[in-house]
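Bear in mind these aren't lab numbers, they're just calculated from the coordinates by the rules spelled out. This is a predicted model, so every value here is computed, not measured. FYI the Cβ positions are ideal-geometry reconstructions off the backbone, even for glycines, and counts take in every protein chain you see.
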Amino acid sequence: MDQILEYSPILIEGTITTIELTVASAFVALIISFVVGLSRFSRFSAVRISAIIYLEFFRGTSAIVQMFFMFYVLPLLGVHLAPLLAGIIACGFNLGSYGSEVVRGAVQSVPRAQHEAATALNYTTYQKFRYVLLPQAIPVMIPTFGNLLIELLKLTAVASLITISDLTFMAQIIRVQTALTLEPFVIIMVIYFIIASCLVGITDFIAKKITKGRNITVRKEI
Amino acid sequence: MEWSWQVALDVLPQMAQGLVITIEATFIGAILAYALGLMLAILRMSKSRAISLTTYWVSEFIRRTPLLVQLYFLFYVLPDLGLFLSPLAAGILGLGLHFSTYTSEVFRAGIENVPHGQWEAAKSLNYKPYQTMRYVILPQAIPPMIPPLANYLITMFKETPLLSAITVVELFNAANIYSNSHYKYLEPMTLVGAFFLIVSIPSAYIAMRLEKKYQRRGGGSV
């Protein structure tokens with residue numbers, strides 16, 4: 001245990017990298033979710049089809065494969081990404097594809113009459129989404145987004161395989177240098193659990209806040 | 001960087017060998033995930049609060065920590081504790097354990113969605129607990145479970161490349177080993193990605209069909 005204490009600075013560094021990676025890719029994923037998810041409602045078939053291709057591509061190929069592709073193949077094609085950037089893009093793009101389905105499903109779950117009412121009031125497409133559909137759809141998205149956030153946190157561990165020095169990477173360093181196995185892995189699992197539990201708490205808080213005073217119930221589902 | 005068919009043909013036989021391992025890991029892992037998941041679901045519904053809460057937190061711990069770290073744990077820590085598993089066995093155990101916490105939610109929801117009146121009816125007909133489950137509850141609970149369980153099978157298939165981190169030579173690792181020894185990344189990585197797409201798009205379509213098929217019947221809410 002004393003040996004592990006010596007390594008606490010790199011564990012802290014790894015925790016910070018993991019959190020950075022999670023937050024940055026969550027941001028990327030959130031933007032992609034909305035752009036791709038809302039593109040599915042476009043009146044132009046080209047936009048709709050591109051969104052479907054994006055979705056199927058990033059949901060259908062494994063996240064690890066995407067990460068290795070970005071790390072090893074893109075440089076050969078002349079695109080050089082720093083490992084951290086490749087990790088953020090890979091995690092963000094991958095989770096963005098799942099998120100886009102959440103956005104699409106939530107907008108579709110808004111009752112048909114609301115769509116029609118907005119049209120009847122002669123709202124522009126922007127107004128319809130901004131003032132009618134999204135305010136009703138976003139609360140529905142929150143619990144599922146919370147689950148995806150946990151998936152994202154867990155996905156960042158895979159980024160250790162493309163040399164990003166996150167928690168998992170640091171645990172491997174400790175294992176190699178001290179030949180300890182139980183301690184480093186148990187410690188990082190507990191750290192991951194704590195981070196994930198904080199994320200769950202934050203999501204629940206937002207869900208509570210957003211539903212307060214409105215006549216909606218947000219159903220927690222796995 | 002030019003695409004070379006020669007390289008592609010070269011790597012294919014090795015990928016085919018890896019594919020066998022991938023399929024093995026997916027299916028055995030899935031069977032394990034279903035069996036353990038059912039067990040967790042039953043424990044979670046236990047009348048004893050201690051058993052139910054312990055099961056809940058153990059599941060949450062497994063669900064909130066990355067599969068990769070769990071695989072490392074099984075691969076590096078168990079031998080130190082005197083339990084030797086082959087890499088593939090450790091990988092399958094990890095996959096099964098991780099996803100059992102997801103499938104248990106499916107089982108639990110499926111059983112809980114059977115209307116309360118059905119339990120009471122079975123009781124009033126003097127059915128034994130076995131008969132109640134076998135003839136009343138399960139026939140109604142199982143159909144709606146099939147689509148989500150099929151979806152987890154696809155998810156597990158996409159997670160198998162993680163096993164490469166604990167030296168299992170499955171599809172992705174077979175391609176990666178070839179890449180590293182020949183310094184050819186474009187073709188193997190692209191082929192792996194393409195392969196995942198070829199499998200996961202049709203299977204996602206089949207899962208969607210299953211969902212439509214089982215939506216009308218059962219479902220629990222009449």
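Values computed for the structure shown
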item: Value of [θ]222 nm, deg cm²/dmol, for chain B, DSSP H segments ≥ 4, -39500 (n - 2.57) each, nearest 500; result: -25000 deg cm²/dmol
item: Rounded FRET efficiency, nearest 0.05, which uses the C-beta distance separating A:I49 from A:H115 and R0 of 22 Å; result: 0.50
item: Helix axis angle, B:49-63 relative to chain B longest principal axis, alpha carbon, degrees; result: 20
item: Degrees, to the nearest 10: B:186-216 long Cα axis against longest axis of chain B; result: 20
item: Order by protection proxy (mean Cβ within 10 Å, highest first), peptides A:148-159, B:87-98, B:126-137; result: A:148-159, B:87-98, B:126-137
item: Candidates per trypsin sites (Lys or Arg not before Pro) in segment B:1-65, loop by DSSP, up to 13 other Cβ within 10 Å; result: B:K47
item: Listed residues A:G37, B:L97, B:L186: farthest to the positive end of the dipole of the protein assembly as shown (Cβ charges); result: A:G37
item: Karplus 3J(HN,Hα) series, Hz, for segment B:106-116 with 6.51 cos²θ - 1.76 cosθ + 1.60 (x for Gly, Pro); result: 5, 4, 5, 4, x, 6, 6, 7, 6, x, 4
item: Positive-end extreme of charge dipole, chain B - chosen from B:F27, B:F73, B:W119 (charges on Cβ); result: B:W119
item: Derived scalar couplings ³J(HN,Hα) [segment A:89-97; Karplus, 6.51 cos²θ - 1.76 cosθ + 1.60; whole Hz; x for Gly, Pro]; result: 5, 4, 5, x, 5, 5, 5, x, 5
item: Size of electric dipole in the protein assembly as shown: Cβ of Lys, Arg +1 and of Asp, Glu -1, about Cα centre, debye, nearest 20; result: 2260
item: Segment B:5-216 shape via C-alpha gyration tensor axes, a/c threshold 1.5; result: oblate
item: Lysines whose Cα lies under 22 Å from that of B:K47, excluding same-chain neighbours fewer than 8 positions away; result: B:K123, B:K128
item: Prolate/oblate/rounded call for chain A, Cα gyration tensor, a/c under 1.5 rounded; result: oblate
item: Charge context of B:K184, other residues only, Cβ under 13 angstrom, K/R +1, D/E -1; result: -3
item: Distance (nanometres) between label positions extended 7 Å along Cα→Cβ at A:S8 and B:R49; result: 3.6
item: For chain B: relative contact order, % (alpha-carbon pairs under 8 angstrom, 6 or more apart); result: 31
item: Whether segment A:1-113 is rounded, prolate or oblate, judged on the alpha carbon gyration tensor where a/c under 1.5 counts as rounded; result: oblate
item: Proximal lysines to A:K154, defined as alpha-carbon separation beneath 24 angstrom and excluding residues fewer than eight positions away on the same chain; result: A:K220, B:K158
item: Within chain A: Cβ-based charge dipole about Cα centre, in debye rounded to nearest 20 (Lys, Arg +1; Asp, Glu -1); result: 1300
item: Estimated vicinal HN-Hα couplings, Hz - segment B:75-90 in sequence order (Karplus 6.51, -1.76, 1.60; Gly, Pro = x); result: 7, 9, 7, 4, x, 5, 8, x, 10, 9, 10, 5, x, 5, 5, 4
